[in-house]
Structure formats: structure tokens, C-alpha cells
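These notes are about the structure you will find just below.
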Amino acid sequence: MSEAVIRIKFRLNGTMRQAEVLPHQTLTSLIREHFGLLGTKISCGEGECGACTVILDGKAVNSCIILAPEVDGRDVLTIEGLSTDGELHPIQKAFIDEGAVQCGFCTPGMIMSTKALLDEHPEPTEEMVREALAGNLCRCTGYHRIINAVMAASNSCKCGGKDCT
Ligand code: FES
Ligand code: FES
């Protein structure tokens, strides 16, 4: 017996979109397979690594453990929604400038968690940054440069990213 599809309507990166989804379909699948937005990565698939982080109604969430039907009527922001007019978002620029990207697999999730943090707390302490990124795993960088990039992108940084150590 085939499963009933559910029709949903939600805002994706600022634009109202509609889709027919399955009851068990994940938000990651909806973003990547239905809408072709491949910046949101999938790794563990069980809420442990943060590679799939998007912003749902202003909060960073692991999209692999959110069901697509749950986003009906809500607001979803993915990494593709950050740049405007071809210009990288300041957080994306800070990650590049601080050398916080190696293989890049964790980077979209790191940046989305950072965006959610800085939207709520524009001047975070380093401890707040570490806490906000605790659910985002990186196997390459050792985290130091990532923390520097977030501090450089925040209003806490007084050096404009030039002197962060
Ligand atoms: S892929 Fe979603 S938390 Fe790892
Ligand atoms: S840059 Fe490779 S996993 Fe973070």
C-alpha cells in the first residue's frame, strides 16, 4: 500500500514554496532532493554531527531529525539563503579569511549555527560560541580557526578579524 503524501507550504530562503512530502521524509531530504539545495550536508543522519544544520524559525536545528511535514507554515533558512546579490555573507567571509575551512563538509552547518547565535547574541563571549557550536563536529580543523572566525564575524571582535589569535 502506498503512503499518503502530505502537502506542505513553507518559506524557504525567503520564498514561499510548496511540496508534497511523505510522512517519514526528513527535512534534509526535502531540502536536498526535492529542492536541489545541496549545501546542507548529510553525515550521521541521527542528530549527532551538525552537518545538516539549518535555521528553523530562527533556531539552529539538525534537519536530519526534523520531519518534512513539521515545517508546514514555518520558516526555513539554508546556507544558500545567506548570500545576497552574489555577495558572501560576512560570516562566510570570516570563515574564509580566518582559514576556518579545510574539507568544507562541516562548514555549512557551522555557519548556520553561527548565524543563529549571532542573530540572537551579536556580541557573544568565546564560551558562548563554543557552546553554540558544540553540536557541530569538524574532523579537520581542530576548531581553533572556526572559533576565531565566529569571533571575527561578531560584534565582539574589535580588530575586524585582523588580529584574532
Ligand atoms: S547529519 Fe544531521 S546531525 Fe549528522
Ligand atoms: S573542515 Fe573538514 S570536517 Fe570541518
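Picking from 94, 116, 100, which residue would you name as being crowded, with 16+ Cβ neighbours inside 10 Å and assigned to a loop (DSSP other than H, G, I, E, B)?
Working: 94 fails: assigned to a loop (DSSP other than H, G, I, E, B); 116 fails: assigned to a loop (DSSP other than H, G, I, E, B).
None of the others qualify; the one that does is 100.
Return the residues of region 46-70 that are more than 16 Å from ligand 2 (Cβ to nearest atom), in a loop (DSSP other than H, G, I, E, B) and open to solvent by 40 Å² or more (accessible area, probe 1.4 Å); say none if nothing qualifies. Correct list: 46, 57, 58. Residues in region 16-39 include at least one that is at pLDDT 95 or above, within 16 Å of ligand 2 (Cβ to nearest atom), touching a Pro at 6+ places or on another chain (Cβ under 7 Å) and outside any helix (DSSP H, G or I).
The set of residues from region 142-151 being among the β-branched types (Val, Ile, Thr) and crowded, with 20+ Cβ neighbours inside 10 Å comprises 146, 150. Taking region 25-46 as the range and being under 17 Å from residue 110 (Cβ atoms) and free of Cβ contacts under 8 Å to residues at least 40 places away in the same chain as the test, the residues that pass are 28, 38, 42, 44. Screening residue 61 on (1) closer than 18 Å to residue 13 by Cβ; (2) touching a residue at least 60 places away in the same chain (Cβ under 8 Å) shows it passes everything except condition (2).
Here is a yes/no grid of residues against (1) away from ligand 1 (no atom under 15 Å from the Cβ); (2) of a type outside the set (Gly, Ala, Ser):
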position: 62; (1), (2): no, yes
position: 66; (1), (2): no, yes
position: 77; (1), (2): yes, yes
position: 90; (1), (2): yes, yes
position: 94; (1), (2): yes, no
position: 141; (1), (2): yes, yes
position: 147; (1), (2): yes, yes
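Among the listed residues 19, 60, which satisfies the condition of being on the phi < 0 side of the Ramachandran plot, more than 15 Å from the chain's Cα centre (by Cα) and small (Gly, Ala, Ser)? Let's see the steps before the verdict.
Numbers: 60 fails: more than 15 Å from the chain's Cα centre (by Cα).
So the residue among 19, 60 that is on the phi < 0 side of the Ramachandran plot, more than 15 Å from the chain's Cα centre (by Cα) and small (Gly, Ala, Ser) is 19.
Scan region 71-103 for residues that are over 13 Å from the mean Cα position of the chain (by Cα) and within 16 Å of ligand 2 (Cβ to nearest atom) and the total you get is 10.
Regarding residue 135, is this residue within 16 Å of ligand 1 (Cβ to nearest atom) and either open to solvent by 20 Å² or more (accessible area, probe 1.4 Å) or part of a loop (DSSP other than H, G, I, E, B) (or both)?
Numbers: within 16 Å of ligand 1 (Cβ to nearest atom): yes; either open to solvent by 20 Å² or more (accessible area, probe 1.4 Å) or part of a loop (DSSP other than H, G, I, E, B) (or both): yes.
Criteria met by residue 135.
The values are calculated or read from the model by the stated rules, or taken from the named source; none is laboratory data. Keep in mind the model is a prediction, meaning the values are calculated, not measured. Every residue, glycine as well, gets a Cβ built from its backbone with ideal geometry; the counts of neighbours run over all protein chains shown. Each accessible area value is taken on the protein alone, full model and side chains, heavy atoms only, with ligands, DNA and RNA left out. Shrake-Rupley method; radii C 1.70, N 1.55, O 1.52, S 1.80 Å.
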